[in-house]
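Accompanying notes for the structure given below.
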Number of protein chains: 2
Amino acid sequence: MLRLTKKADYGLMALKHLAENPHGTAQSAKDIAEAYHIPASLLAKILQTLTRAGVVISHAGLHGGYSLARPASEITAFEVIRSIEGPLFIASCTTVHGDCDLLGSCTVKEPLRKLNDTIRDLLNEMRISDLCEESKAGTAHIRSSHQNSLVTLGSSAGSHA
Amino acid sequence: MLRLTKKADYGLMALKHLAENPHGTAQSAKDIAEAYHIPASLLAKILQTLTRAGVVISHAGLHGGYSLARPASEITAFEVIRSIEGPLFIASCTTVHGDCDLLGSCTVKEPLRKLNDTIRDLLNEMRISDLCEESKAGTAHIRSSHQNSLVTLGSSAGSHA
DNA sequence: TGCAACTACGACTAAAATAGTCCTATACTC
DNA sequence: GAGTATAGGACTATTTTAGTCGTAGTTGCA
């Protein structure tokens, strides 16, 4: 449920890759794509989108490529995903303007809007630098301040699969 | 981003409808579908799925239909969505078994898994009865304990297109 | 100056998921 | 047994996602 598209996945991976690049030098879409075995031309388009969104900086020409526009700690997962996937809403009936196909007859829109806000907020607090820490530190923490209110549910959720 | 399918939407709406049914008598898929202007045959299939999942009880024959298998307060949004959409994971590369298309090369799987867990937990705490309260009480609260830490971002998210 | 390596971007095709329909069988009530 | 309902599989249509291609523009360097 609630799936990210591959493009968003690839985008996050590429940004993480750039963030981990020690020298901050530009890396070509092709090189990054090869590192993760993803289609180079597709990743190129994704990085172009992220360039327009101001998340990365592009550098054309020989030895060109992409680099982060800001420190990894200042780039949120939310802006990356929204840049790539566009502004969507969890309830499929609702559009950007808050409209609803079903108009008055849709009764779940409001409750879902709150859920949507919460998820957006979670993504807003997740940074590219967090992705790096995760893989380095083994099992880390996305945000310690959340843990008391949110991660409590880890136990109550054991009933799935 | 992170969109629910229409089927899940319809399913939640139908369950909310059943939960609000004062007498607890069975309601036919056709009647519910007409109330919300959604395709009757599609809703019928969704309700059949929910029947198999043990969320609703079906009653064939004249004056038959569907009713909740349990009190609305004991049915979570999570089980409804998972029943309808199947067990998915937020990272598109990951399957039910925790596999990843990209295998070792996917670096964002782990951090996203935590996000996935958190979202699942949120859905687990959201009950059908909550959907009903929302629309009655006007603007209610899914979980008051969330508001201080999360809903702050409503403002910070206004910066996009 | 000219080539090679890169980004930029729109048009396009392919594949997969979602949405919705149809048909037949079966169950139940009156 | 007639009528109304669920059960469910097969099917089609639509939309979204994924990925490709071609061309144009930019830059660095020999």
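Laboratory data are not the source of any read-out in this text; all were calculated from the coordinates shown. Small disclaimer: the values here were computed from a predicted structure and weren't measured. Note that each Cβ is placed from the backbone with ideal geometry, even for glycine, and that neighbours are counted across all protein chains shown.
Tabulated values for the structure
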| quantity | calculated |
| --- | --- |
| Residue mean of other protein chain beta carbons inside 10 Å, B:6-12 | 5 |
| Long pairs among A:LYS109/B:LYS45; A:LYS45/B:LYS7; A:LYS16/B:LYS7; A:LYS30/A:LYS114; A:LYS16/A:LYS109, criterion Cα-Cα beyond 28 Å | A:LYS45/B:LYS7; A:LYS16/B:LYS7; A:LYS30/A:LYS114; A:LYS16/A:LYS109 |
| Inter-chain shielding of A:77-89 (mean C-beta neighbours from other protein chains, 10 Å cut-off) | 3 |
| Residue-averaged beta-carbon neighbours from other chains (10 angstrom radius) around B:120-126 | 6 |
| Proximal charge balance of A:GLY65 [Cβ under 13 Å; K/R count +1, D/E count -1] | -1 |
| Spacing of the two label points (7 Å from each Cα toward its C-beta) at B:ARG113 and B:SER41, in nm | 4.2 nm |
| Net charge contributed by nearby residues that have their C-beta within less than 13 Å of A:GLY86 (K/R +1, D/E -1) | +2 |
| Rg followed by Dmax, in Å, when the stretch A:1-66 is reduced to its Cα trace | 11.5, 42 |
| Efficiency of FRET from Cβ geometry, A:HIS63 and B:SER129, R₀ 51 Å, rounded to 0.05 | 0.25 |
| Mean Cβ neighbour count within 10 Å, used as a protection proxy, ranking A:75-84, A:57-66, A:41-50 highest first | A:75-84, A:41-50, A:57-66 |
